[in-house]
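Step one of this worksheet: look at the structure below.
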Amino acid sequence: MLKKEYSVLGIGYFEDNDALVDVPQDPKNGFLLLNRIIEEPDIAYYPRTLYLGNSDTFDDSRDYETQEGMRSITANHCAALRNLLDGCSFVNVTIPEDFDGWEALHFLVTALPNLESVFDDCTQGDASELLSQIIQDIAAANRDEKSTFHGKALTKLRHFSVLPTGSLTSESMHKFGSFGMLPSMRVFSGSGIDCNEEFNWPPGFHLTPCYVTDLDITHSAVKSSAIEELIFGIPALKRFRYHHSGTEVGDALYRPNVYLESLRSRTTATLESLDIWVHFPELLSEDEKEQQYLGSMKMFNVLEFLRLEIVAFERVEPDQASDDEALREGKFFQDQSSRRLEAIAAKGSGDGEDTDDKSSHSEASQDEEDGTTLESLMNRLVDVLPSSVKSLTLIQRSNDEDMRDLLRGLIDEKAEKLPNLTKITFESLRPVPEEIKSGLTGAGIAVEETEGLLDRRERRVLAGRIVYDD
């Protein structure tokens, strides 16, 4: 019973948070847990998951138990606590004068040898800085086999996550740095992160290897340069997911092309899964909208799972470069030509067909070899995806014409260019046309339809904007 009771712990006080529904509603305070560990040392081996809440002491009624626990442990177990702390070089405090809620939490992080996951709710300020330093000291000891404290703490910690309390600042982002130094760390995740400033790894971080493989950030607004720096410090990254929530969370701009360019520079030999998505794209600025075109991904050698907006596959007008070179190198041209914008407008309205007739015919003839035309405005999947891709999810907020353009040549050229593609999932509020489904199925590609992550508000917006074909 004790093993089950203590496998998931919540220490401190938590904001109202849907992410904490599975955490015990009567979270054990750090003092009381220490008290139990002193009385029954085996309890320290039971926790696998730890939620860190606010461990400050308060003067209200809910803190009575904390105060009593503090008095109990400092009065009745002072000698035993001193012995525990003497065996830990990572926390340096005086008993009982300096021992408070944060100190109890800091020590507990070092005293739970089988801990696998830490979810940080709201450690901030001096307490956060001290915790970060403790984690760095533990990481240094775990990397040094000659250290007296090698393997004494957090040898099994694989997952660090920042929780969405609604009150998080960019400080929460910086906690990734210290935890990333642990040799056992594999997964970074977070939600509700507001970071519109630079991210920096701790001093000396790049002198040691980082073993993180997963970067999973959702419902957040993170500055693109901060994501760049995160990616730069994780050379063996296998899975990347970033869901941008813009003004719902913070002011950081949405820059998917920057994220992908960073991945191109560091992870072409390791990246297996890529998922980039934005809530409410209609709220994006014009500049942000022009940053969505991703170009070629053929350089990723082991990429198997993709989830992207259809707009990510729109063509970008080259600037003093050939189409083939731009497509091959994945270059982004932020300065969209007026002709491209006119073509988009004409595509939606049916006007302007004669305005630049000779120019458009010339462009079409130049692109006949790779099967793309200016009129389509879409790169073909067979021209931009790596042959390693097995599963593709397309988020469709536009019309069926874009989807048809995107799939051009797939049935005929699948065996040669995308031999491993076995499934396409369409996230949309409109049904996939039957001729597309039957064609893909006939080519050996399973088709799935779902509304995916479109939330209720966005569904209402899209439902009012989409006109279904008869």
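The values are calculated or read from the model by the stated rules, or taken from the named source; none is laboratory data. Everything quoted here is computed from the prediction, not taken from an experiment. Please note: Cβ atoms are built from the backbone with ideal geometry, for glycine as well, and neighbour counts cover all protein chains shown. Note: areas computed on protein heavy atoms with side chains; ligands, DNA, RNA excluded. Shrake-Rupley method; radii C 1.70, N 1.55, O 1.52, S 1.80 Å.
Pairs linking a residue in the range 214-227 that is closer than 11 Å to Tyr254 by Cβ to a residue that is among the basic types (Lys, Arg) and open to solvent by 10 Å² or more (accessible area, probe 1.4 Å), with Cβ atoms under 7 Å and 6 or more positions apart or on different chains, are Ser224/Arg255. Just one of the numbered conditions (1) in a strand (DSSP E or B); (2) in contact (Cβ under 8 Å) with a residue 60 or more places away in the chain is not true of Phe426; which one? Here Phe426 meets the rest and fails (2). Say whether the condition of being exposed (fewer than 14 other Cβ atoms within 10 Å of the Cβ), modelled with pLDDT under 65 and not aliphatic (A, V, I, L, M) is met by at least one residue in the range 96-110. Yes: one or more hits.
The rows are residues; the columns are (1) open to solvent by less than 10 Å² (accessible area, probe 1.4 Å); (2) over 20 Å from Gln292 (Cβ atoms).
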| position | (1), (2) |
| --- | --- |
| Arg397 | no, no |
| Leu410 | yes, yes |
| Asn420 | no, yes |
| Ile436 | no, yes |
| Thr441 | no, yes |
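On the basis of being at pLDDT 85 or above, touching a Lys or Arg at 6+ places or on another chain (Cβ under 8 Å) and open to solvent by less than 40 Å² (accessible area, probe 1.4 Å), does Ser128 make the cut? Considered against the rule, which asks whether it is at pLDDT 85 or above, touching a Lys or Arg at 6+ places or on another chain (Cβ under 8 Å) and open to solvent by less than 40 Å² (accessible area, probe 1.4 Å), Ser128 comes out as no.
When Thr155 is tested against (1) under 13 Å from the mean Cα position of the chain (by Cα); (2) hydroxyl-bearing (Ser, Thr, Tyr); (3) surrounded by fewer than 19 Cβ atoms within 10 Å (Cβ to Cβ), just one condition goes unmet, and that condition is (1).
Counted as qualifying within the range 351-411 are the helices (runs of 4 or more DSSP H) with 3 or more residues that are at pLDDT 90 or above and farther than 19 Å from Glu448 by Cβ, namely 381-384.
Do we have Lys347 as at pLDDT below 50 and either buried (at least 20 other Cβ atoms within 10 Å of the Cβ) or over 24 Å from Tyr259 (Cα atoms) (or both) here? It is true that Lys347 is at pLDDT below 50 and either buried (at least 20 other Cβ atoms within 10 Å of the Cβ) or over 24 Å from Tyr259 (Cα atoms) (or both).
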